[in-house]
Every structure is written in C-alpha cells, then in structure tokens.
Amino acid sequence: MKIKLLFLTLLAVCAGLITNAQTPELKTYDLTWHSQSKNSSESMPCGGGDIGLNVWVEHGDLYFYLSKSGTFDENNTFLKLGRVAIKLSPNPFTDENFSQQLHLQDGSVLITGKNGSLTTQVKLWVDVYRPVIHVEINSSQPTKTQAAYESWRYRDRDSHGTENNQGSWKWDRDVQVKTLKDIISYKNNTVIFYHQNKDTSVFDATVKEQDMEAVKPQMFNPLAHLIFGGMLTGDNLKPATTYTGKYQDADFEGWNLESARPSKQQNIEVYLATTYAPTIGQWQQKLDSTKQDAIAHKKIALANTQQWWKQFWQRSFICINPQKPDEKDSVWQVGRNYQLFRYMLGCNAFGNYPTKFNGGLFTYDPVFVNNEYPYTPDFRNWGGGLMTAQNQRLVYWPMLKSGDIDMMLPQFKFYLRALHNAELRSKVYWNHNGASFTEQVENYGLPDLAEYGLKRPPGFDKGVEYNNWLEYHWDTVLEFCQMMLETRNYNGNDVTPYIPFVESCLTFFNEHYQYLARQRGIQTFDGNGHLVLFPGSSGETFKMAYNSTSTIAALQTVITSLLQLPPKYLTAAERQEWETMLKRLPPLNFREIDGHKTISPAVSWERISNEESMQLYPVFPWGIYGVGKPDLDIALNTWKYDTVAIKFRSYVGWKQDDIFAARLGLTHEASNLIVSKLKNSGRRFPAFWGPGFDWAPDHNWGGSGMIGLQEMLLQTNGDKIYLFPAWPKNWDVHFKLHAPGNTTVEATLKNGKVESLIVMPKAREKDVLVILK
C-alpha cells in the first residue's frame, strides 16, 4: 500500500465549472427503451416527494401503478393506490418509432411515438412538493384520450396462505384474512377513490396476543382512522363507461374518463391524499385542498420540481469510466446503476414512512418475481407496515455519504413514533425502563403477530419472540441510534430530538441484562464487573449467544458517540450514567483459527440459524477496524480464515461482503463483489435487483451496493479522509461524496492518477490522504 499526502491547487474557474454545473455524466445514464414492454415487470420508475409510479407501455396503451408512502390497510398491507390506463386514438404507439426515456435530470419519464403523420409525446412527472402526478400529452394532430382508473379492490378479496405474507397476519391460520374494498365513484368529471380503515385491525389482535391490553389506551396506533386515496381528473375529460377486465392474475374494474373533443394537448392529473380523520368529509377536504394548492402553484410547480432534482444530483454522484460509456461493460453499469438506485430512493425523500427494503415504492405484479405467487399487485413478501431492521438499515446508511441526510428523516420518524410503545413493552413484561425494539418491528413498535410465536409454551417470557431466528435479537435498533448521531457529525444537525430515543434504547440493555442476571442468581455482574449479555443473539445467525460481539461493538460505539456530544446534550448525571455503562461493557471476543487471531461472533453460542457474518460487524457498521485503524490484521484474519464467514460470502441481497472488503482495503475482492452486486439486474430496468432473500426490486440489495461503492472511494478515521482505499487504478471515476465535518470531496481519477480534487471547506484539504494500490 502506498500512501501519499496530497496537496493539489486548482484554478478557481475549474472549481466553479465542476461544482456549479450539473454533473455532465448524468445524461449518459438516462435510460432509453426503443420497444414497448411485455408486462409490468418491464416498467420504469418515476416519482418524487413520497410517490412512486411504475410506468410502461404495453400493446400501445400507457399504464402506471400508483404508490405512496404510508398507505397501510387493516392488515398492515402496504396497498398500492391503483393503476391508471391511458389510450389514445389514433394510437401513436406502434412497434416502430417508439421510445421511453427516464430523464434523471428532472425525474421525468418521456414517451414518444409516431404513427404515420401522427407524432405524440407524453411526459409523466411527480410534483416533489405536492402529492400530484402529472401526465402531459402533446400530439401533432387532434387525438382522443381515454384515461381510466383501474382497481382490483373494487370488491373484498379473501387472502389465503402465502398471500398473507403481504400483511402482518402471515401464517396465522385462525383468521380469514380479507382485503377490504375501496370506495370508487365518479364525481364532477373526476374519478374519486379511497380506502378507509375500519375500527379494528391487526393492531388490536397483536396487542391482545402480546398481553398489552392493559396499556392499549396509551399506545400509538398508526392504522386507526387512516384514509388514503385520490382523484383522477383532466381538462377536457368527462365520465364514460365502467368496464371489467383482468391483468395477469388480478381481475379489476375500470372507471373511464374520455375526451369531450379531440385535442392536440391533454393534461391529466392524479391528486393524492393520506390523512387520519374520523370522517370521509375531512379526507375529501384534504384532497380538495391539495388540488387547490396545486392549481395555485401550477406555473412554478414544474420548475421547482426540476430545481429539486438538479440540487439532488449536484450534491452527490459516482460516475465510473465516464468518458467511455458502454452498456455492455459491467464496470460502467456499476456507476450507472448506483445513480438509478439513488434516484429510486429520492422518490421517497419526504415520506411519512421509510422506503421499504422489500420493493420500496416500485413493486409490480408478483407473478413476475415468483411464478408461484398469482396474487394482486398489492403483494410483496415480508410484510407492508413491518420493518425488518437488519434490512432497513442498509437502505439508510448510504445516505450519510451521499449527502441525503434530509431523506433519512422518514426512517427516524418511524422509530420515534414507536418509541413509547416499545417502552411500554419493557414496563409490562419486566417492569424496568428502556425501549425494547425487536428485529422485525411493526410500524406501531411491537413484534409481528405471527413472528412473535403463535404456539408459545406456557410460562415463556412474554417479552421474547418464540422464534428460531428472532429470539433475543434486540440490538439492530442501535444502528439507527448511531445514524441519528452521525447526522450531527456529517452536517451539524441538532440531534436534540433524538437524545431521548438513544438513551431509552441504551437504558433497555443496561437494565434488562441486569434484570436477567438477578433472575439467574444473586450477582448482577460477572467476576470482572461486566454486564452479562445472555441470552443474546448475534444477528439472526448465532443464537443463544453469550456476550455477542455485534451487540458489544454496537453499545461501545453508540455510547462513545453519545459521550462525545457537546455538554448541552447531556446533564452531568446522564453523562456519568453512560460512562459507567461503558466501563461495564464486556470486551470484544476473539478466537484463534489455524493459528490466526480472529474476531469471534460471541464467547459462545448454541446454534447457527442464518448466514450473516456477524463476526465482521466491528468492521461495518461499527468501524472499530478498518483502513488506517489499529489491529487491522485481526479483521483481515477473520475475512481470510473464518470458515463460517467464507462459507456465507456472497453478493446477493442484503449480503454486505462488498462493504467488509472495501473497509478492509481489499481492492480485488471489493471490486469483484461490487460488480456482481451492482451490475445489471437481469430485468429490463437495470436496478430492479432481486428477489434475493426478500423481494424485487430489492432495496437492501441496492443499499448494500451503494455503501460498498462509497467505501471503496472514501473512508474516514477521526479527522483523516482516505481516498481510493479499495479502488482499482484502472477504473476511471468522477465522484462527489460527503464526509464528517460538513465536508464534501469531489475528485476525478483518470488513468490511475488524480486529475482534480475539490475539498469543501478548503481547510479540510490537509486531512485528505490518497491511497492507491
């Protein structure tokens, strides 16, 4: 390894050109299709704010699915809001002279077609600041438009077996699960559609099952009084006929609007509204208000949306081999697909709920993911309102270095809303303080009803999931605690709103494991005065663990970060409490393998239930080992010699071996893994990876790839910023990433040499080290 201090002086004009202009390489990543799609699996994502559309043209007709953050029904299924179908007559979309383009610069989709003398362009875009979808149709000659709202929820639908995995009932066979119908009707030349949750839901069943009814009046319930839906409308459109049909495996009913007269121009809007209200009238008022606000800002909405996307792309990017774009080059694909996936995350920048790891806003008919799932487009495996923390974290960690900290708020709000319910768990079950967050946690802070254990033995601890993979798996929430604290390190955020949450999560571990020790005997701590973290879990893999290394590393890191905050964040008594807890943590665990010192997942464990390399969690996410840090050889030994870690190594799904390799400075291994991870998905849209272990498009697949690519380019250790710590010299790159201390680093590497480097603020240049192997 060759390390050089880098001192580069750049002309101000060059700096201005690079930092102020839109990334010139971005346009090469615009995706263009020259043929129509076979079905919804060949759709293209489009969105903004908290709305996602799957857009495709099939047999000459334009379709798009509607998805919006937070639309959870009584079963806690994340429902789509329906499908829009648009037909033009004469039809410009033939097999020839067709194109469909994702225009990343402004987040729009452009569809053009030509049929004889008729030429038509359709532009779809979503207002970033208002829940409004725009479809702008411009033709060279008058055409007639039919715009229909289509819904498979025009009737109640029974759900059986595996289909129940889309919600929170899962394999509970004692309940007949039913997705209740929406209300859909014509009103004043529009189509109105909405779903109103009933008074009882899976929340009530979960509270009863988990013996939390005594505190139910105190609990946060995100499903009660929830209403969501919208309005399809357009100038020059009037109601026509309803019709029935079937798309793939779902029968549906359509409500058609048609042109009052043929026109060269036709604008169509879909207004959406989600609210908590006791009456439909109040929801209707919110929808009407959305429409009026959109009309009032009609002249500036597109410009404001375009400006938002422009700054989004300016604040961060990674472009690989930018001077040699080649669709067939898997290395070039890595850079392009990084951008495409980040675009998909940007479509939920302002959501009330986080981007779901199992498809985000862009799921489609499930039969195209698994042909054994002939269900409706509402289906996704692993639940709707259920968040699997071990997966969700990978969607949100990369937002620190991409500078998308504002987009992390939906994930943080998810936990803050559920905090009180998680604290009630500790009080009800064990009568101690602290928030007990489980690995698979519902949007109301309790374990999933089925995952909790439907056939629990008498006397089994009611606070523990009776589940082979999830029992005693408490510690993933600490990653979100660390993310919250890191927002201050990266851009100076005031983390005051997060301190009670972080302290409550730490309190749980401090009090719960002392509580368990007292249940076993008279001593609260071990012979060295340390907490005994037993029974514990090292991820879902090393079960019934004694002093799990991943838990110890998590607690060490979060407490240390908390104690490093300025005095205003903690009282003297609080600071003393956390200093005491830090001293009481047991040390990390090690073992010898073939004569080499390696990190051990725990002191001991009873069984291995999954395939996570938890022994490398001190490398990522906890950053105890890495390039430029002490005892790197121990972590390298773990990578090289731990037979379990080697056996589990993969690029698929949530696997994070690309991140481990990058953090360890293993350029060859990291580059091979990242190419496998972020190359084209094999689906028409290159970043629709999966299903992996979860669903498609697999967002924790994309998230772990984003993190790995970022770590190959930039790592930090204290004030030091390491560039290219695991980057192949023969990969040209132009990137801009964020680092702690309100710092951005933009660099261009070409032919193995750094051609430009801009560090902001300039005072941080002295902290930059370029590492090229």
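Laboratory data are not the source of any read-out in this text; all were calculated from the coordinates shown. In this text, all values refer to a predicted model and were calculated from it rather than measured experimentally. Cβ sites come from the backbone with ideal geometry, for glycine too, and all protein chains shown count toward neighbours.
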Give me the dipole magnitude in Debye, nearest 20, for the chain about the Cα centre, with unit charges on the beta carbon: positive for Lys and Arg, negative for Asp and Glu. 1520
C-alpha long axis of helix 298-315 to longest principal axis of the chain, angle in °: 30
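Rounded, prolate or oblate for segment 481-624? Axes are the square roots of the Cα gyration tensor eigenvalues, ordered a ≥ b ≥ c, and the cut-off for rounded is a/c under 1.5.
Details: a/c = 2.09, a/b = 1.37, b/c = 1.52.
Cα axes put segment 481-624 in the oblate bin.
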Distance from the Cα centre of segment 22-55 to that of segment 425-457, in angstrom? 40
Considering only the other residues whose Cβ falls under 15 Å of the Cβ of T524, what net charge follows from Lys and Arg at +1 and Asp and Glu at -1? +2
Measuring from its Cα centre, segment 279-399 shows a charge dipole (+1 at each Lys and Arg Cβ, -1 at each Asp and Glu Cβ) which, in debye to the nearest 20, is 500
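Explain nothing, just the number: relative contact order of segment 476-574, from Cα pairs under 8 Å at least 6 residues apart, as a whole percent.
Working: 78 pairs, mean separation 23.7, N = 99.
Relative contact order for segment 476-574 comes out at 24 percent.
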Taking r as the C-beta separation of N742 and R518 and R0 as 60 Å, the FRET efficiency to the nearest 0.05 is 0.85
What would the Debye formula give as log10 I(q)/I(0) at q = 0.19 Å⁻¹ for the alpha-carbon point model of segment 246-300, no solvent? -0.95
Positive-end extreme of charge dipole, the chain - chosen from Y353, F317, N75 (charges on Cβ): F317
Estimated FRET transfer efficiency (H59, N491; beta-carbon r; R0 45 Å; 0.05): 0.40
With 10 Å bins from zero, work out the P(r) of segment 307-445 over every alpha carbon pair and list the percent per bin. 10, 30, 30, 21, 7, 2, 0
I'd like to know how segment 449-557 sits against the 2.2 N^0.38 Å rule of thumb: what's its Cα Rg over that expected value? 1.21
If the viscosity is 0.890 mPa s and the temperature 25 °C, what Stokes-Einstein diffusion coefficient in µm²/s follows for segment 588-741 when Rh is the Kirkwood radius over Cα pairs? 151
Expected unfolding gain across T580-H530 under the 0.36 nm per residue rule, minus the alpha-carbon gap, is 16.9 nm
Sort the following peptides by mean Cβ neighbour count (other Cβ atoms within 10 Å, averaged over residues), highest first: 373-380, 757-764. 373-380, 757-764
Using only Cα atoms, locate the centre of segment 159-213 and the centre of segment 641-697, then give the distance between them in Å, rounded to an integer. 35
Tell me, what is the percent relative contact order of the chain, built from C-alpha pairs under 8 Å that lie six or more residues apart? 13
Please report the net charge: other residues with Cβ closer than 15 Å to the Cβ of T743, K and R +1, D and E -1. +3
To the nearest 20 debye, what is the magnitude of the charge dipole of segment 168-222 about its Cα centre, counting +1 on the Cβ of each Lys and Arg and -1 on the Cβ of each Asp and Glu? 320
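Summing -39500 (n - 2.57) over the DSSP H runs of n ≥ 4 in the chain and dividing by its residue number, what mean residue ellipticity at 222 nm do you reach, to the nearest 500 deg cm²/dmol?
-9000 deg cm²/dmol
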For peptides 275-288, 549-562, sequence by mean Cβ density within 10 Å, most packed first: 549-562, 275-288
Local net charge near E606, Cβ-Cβ under 13 Å (Lys/Arg +1, Asp/Glu -1): +1
Dipole of the chain (Lys/Arg Cβ +1, Asp/Glu Cβ -1, origin at the Cα centre): which of S108, P535, H420 lies farthest to the positive side? S108
What is the distance, in nm, between label points placed 7 Å from the Cα along the Cα-to-Cβ direction at K773 and at Y186? 6.8
May I ask for the angle, rounded to the nearest 10°, between helix 632-641 and the longest principal axis of the chain, with both axes built from Cα atoms and the value confined to 0 to 90°? 70
How large is the translational diffusion coefficient of segment 75-180 in µm² per second when you combine the Kirkwood radius over alpha carbon pairs with Stokes-Einstein at 20 °C and 1.002 mPa s? 125
Compute the length gained on full extension between S604 and E372: take 0.36 nm times their separation in residues and subtract their Cα-Cα distance, giving the result in nm to one decimal. 79.5 nm
What chymotrypsin sites (Phe, Trp or Tyr not before Pro) in segment 401-440 are in a loop by DSSP, with at most 16 other Cβ atoms within 10 Å of the Cβ? none
Listed highest first by mean packing, meaning other Cβ atoms within 10 Å per residue, what order do 165-177, 28-40 come in? 165-177, 28-40
One finds the C-alpha centres of segment 369-419 and segment 472-486 to be spaced, in Å, by 15
Compute the orientation-averaged projected area for segment 392-487 from the convex hull of its Cα atoms and round it to one decimal in nm². 6.5
Starting from the amide H of W689, placed 1.01 Å from N in the peptide plane, find each other amide H under 5 Å away whose residue is 5 or more places distant or on another chain. D698
Rg/Rh for segment 132-171, where both radii come from Cα atoms and Rh is the Kirkwood radius: 1.30
Return P(r) of segment 306-352 (all Cα-Cα pairs; 10 Å bins starting at 0; whole %; ordered from short to long distances). 25, 45, 25, 5, 0
